[in-house]
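Peer 1: To start, I am sharing the structure in question, which I have written as structure tokens.
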Amino acid sequence: MSTTVAWEATAVDGSRGSVVQKFRKFSGSKVQGLGTAIAATRGMVAKDFTELIAWQRADELERFALEIIKRPQVARDLEFCRQTSDAAGSAPRNIAEGFGRFAPVQFANFLRIAIGSELETKNQIIKAWQRGAISDDERWAGMLLCKRAVAAAVGLRRYQLTQQAKENARRIESKRGS
């Protein structure tokens, strides 16, 4: 049920130490259509938030955004850097906190917040491109990272709102108590 996404972007101007080139290591990663929903219905359960595809994608996006704000054209604008860092860091933080609540409806709410933060990060990437701080290829790579992060979070949120998620949470919680 998972599809392999072969994602590899090449920078047009490699002499500038492009962020796109730094993200090549993410090529060939697996994406599941419903985040961890597929795994959870087959008895596979994430034991740590870092195992969640939604968290992994949010973390990739955060690292991309943090590379952008190191650029001299952007680094001088402290407010822009603060906003970008906060937005990018918010998504993985909220996914981690939601996972820790171990209540599907609460987790879904934290995922909703994470999705908003991922979209805010997308806005900041667009603004960095408009300022000339990143190339067209880097903007494309950032948009792809945003799309992947949002899709993973939406899929996981959709699952968290199902009856199956509630039943799985009750089953796992009862095993912990015995």
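Taken together, the values in this text are just the output of simple stated rules run on the coordinates, not laboratory data. These figures come from a predicted structure and were not determined experimentally. Using ideal geometry, Cβ is built from the backbone for each residue, glycine included, and neighbour counts are taken over all protein chains shown.
Peer 1: Would you please give the FRET efficiency between residue 161 and residue 75, computed as 1/(1 + (r/R0)^6) with r the Cβ-Cβ distance and R0 = 45 Å, to the nearest 0.05?
Peer 2: Numbers: r = 40 Å, r/R0 = 0.89.
The pair residue 161/residue 75 has a calculated efficiency of 0.65.
Peer 1: Lys/Arg Cβ at +1, Asp/Glu Cβ at -1, dipole of segment 49-177 taken about the Cα centre: which of 109, 68, 85 is farthest positive-ward?
Peer 2: 109
Peer 1: Further question: Can you pull the Kirkwood radius for segment 49-177, inverse mean 1/r over Cα pairs, to one decimal in Å?
Peer 2: On the way: mean 1/r = 0.0659 Å⁻¹.
Every distinct Cα pair counted, the radius reaches 15.2 Å.
Peer 1: About its Cα centre, how strong a charge dipole does segment 49-177 have in debye, to the nearest 20, once Lys and Arg get +1 and Asp and Glu get -1 at the Cβ?
Peer 2: On the way: 22 positive and 16 negative charges, 90 e Å.
Value, rounded to 20: 440 debye.
Peer 1: Further question: Tell me, what ³J(HN,Hα) does each residue in segment 157-168 have, in order and in whole Hz, if you take phi through Karplus 6.51 cos²θ - 1.76 cosθ + 1.60 with θ = phi - 60° and put x for Gly and Pro?
Peer 2: Calculated HN-Hα couplings, in order: 5, 4, 5, 4, 8, 8, 5, 4, 5, 5, 5, 4 Hz.
Peer 1: Quick one: how many lysine pairs in segment 49-177 have C-alpha atoms under 19 angstrom apart, if they're 8 or more apart or on different chains? Present the calculation step by step, with values, prior to reporting the outcome.
Peer 2: Working: 70/122; 70/127; 122/147; 127/147; 166/175.
Lysine pair count for segment 49-177: 5.
Peer 1: Toward the positive end of the charge dipole of segment 49-177, about the Cα centre and with charges on Cβ (Lys, Arg +1; Asp, Glu -1), which of 55, 144, 125 goes farthest?
Peer 2: Farthest towards the positive end: 55.
Peer 1: While we're looking at this one, here's another question. Quick one: which residues, 5 or more positions from residue 46 or on another chain, have an amide H under 5 Å from its amide H? H modelled 1.01 Å from N in the peptide plane, none for Pro or chain starts.
Peer 2: Those qualifying (amide H under 5 Å, at least 5 residues apart or on another chain) number zero.
Peer 1: So how much slack lies between residue 176 and residue 131, counting 0.36 nm per residue of separation and subtracting their Cα-Cα distance, in nm? Could the numbers behind the result be given before it?
Peer 2: Values: separation 45, 0.36 × 45 = 16.20 nm, distance 5.21 nm.
Gain in length upon complete extension: 11.0 nm.
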